[in-house]
Amino acid sequence: QVQLVESGGGLVQPGRSLRLSCAASGSIYSINTMGWYRQAPGKQRELAAQITIGGSTKYAQSVKGRFTISRDNAKNTVYLQMNSLKPEDTAVYYCSVIVLATTYWGQGTQVTVSS
């Protein structure tokens with residue numbers, strides 16, 4: 001089993017920044033892709049950003065240029081730096097990792113962007 005612990009969510013004003021962290025532990029042999037998904041009220045969960053073990057990244061068009069995903073393989077941790085936040089970024093953010101072709105999910109952390 002793999003456990004994911006997320007941190008860093010909260011309430012922030014538009015234009016400000018937040019950094020999310022997700023640490024993986026447990027039966028980790030080789031983590032391939034790590035990513036962040038988000039789900040706004042009444043909407044489907046969508047990919048925000050992902051990063052492969054080789055460092056290749058992918059972003060949703062809506063966050064390109066504002067969000068940066070990174071990972072520390074030694075700590076089995078993935079980060080999401082979110083800058084210039086907008087009210088439409090408000091959502092529950094979920095960490096996901098793929099280990100041996102199985103996807104694991106974190107419990108989610110709320111990000112609210114409001115003045």
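Overview of values
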| read-out | value |
| --- | --- |
| Wholly within the stretch 1-93, strands (runs of 3 or more DSSP E) carrying at least 3 residues that are farther than 20 Å from Val113 by Cα | 2-7, 18-26, 31-39, 67-72 |
| Members of the stretch 25-43 found to be among the basic types (Lys, Arg) and surrounded by 17 or more Cβ atoms within 10 Å (Cβ to Cβ), listed by number | Arg38 |
| Single residue of the stretch 1-24 satisfying the filter (open to solvent by 30 Å² or more (accessible area, probe 1.4 Å), over 13 Å from Cys95 (Cα atoms) and among the small types (Gly, Ala, Ser)) that is farthest from the chain's Cα centre (by Cα) | Gly15 |
| Members of the stretch 94-115 that are in a loop (DSSP other than H, G, I, E, B) and open to solvent by 50 Å² or more (accessible area, probe 1.4 Å) | Leu100, Ala101, Gln107, Ser114, Ser115 |
| Residues (open to solvent by less than 70 Å² (accessible area, probe 1.4 Å) and over 18 Å from Gly9 (Cα atoms)) located in the stretch 58-83 | Tyr59, Ala60, Ser62, Asp72, Asn76 |
| Exclusive hit being modelled with pLDDT under 95 and aromatic (Phe, Trp, Tyr), set Tyr29, Tyr79, Tyr94 | Tyr29 |
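The values are calculated or read from the model by the stated rules, or taken from the named source; none is laboratory data. Since this is a predicted model, take the numbers as computed values, not measurements. So basically every Cβ, Gly included, is an ideal-geometry build from the backbone, and we count neighbours across all protein chains shown. Each accessible area value is taken on the protein alone, full model and side chains, heavy atoms only, with ligands, DNA and RNA left out. Shrake-Rupley method; radii C 1.70, N 1.55, O 1.52, S 1.80 Å.
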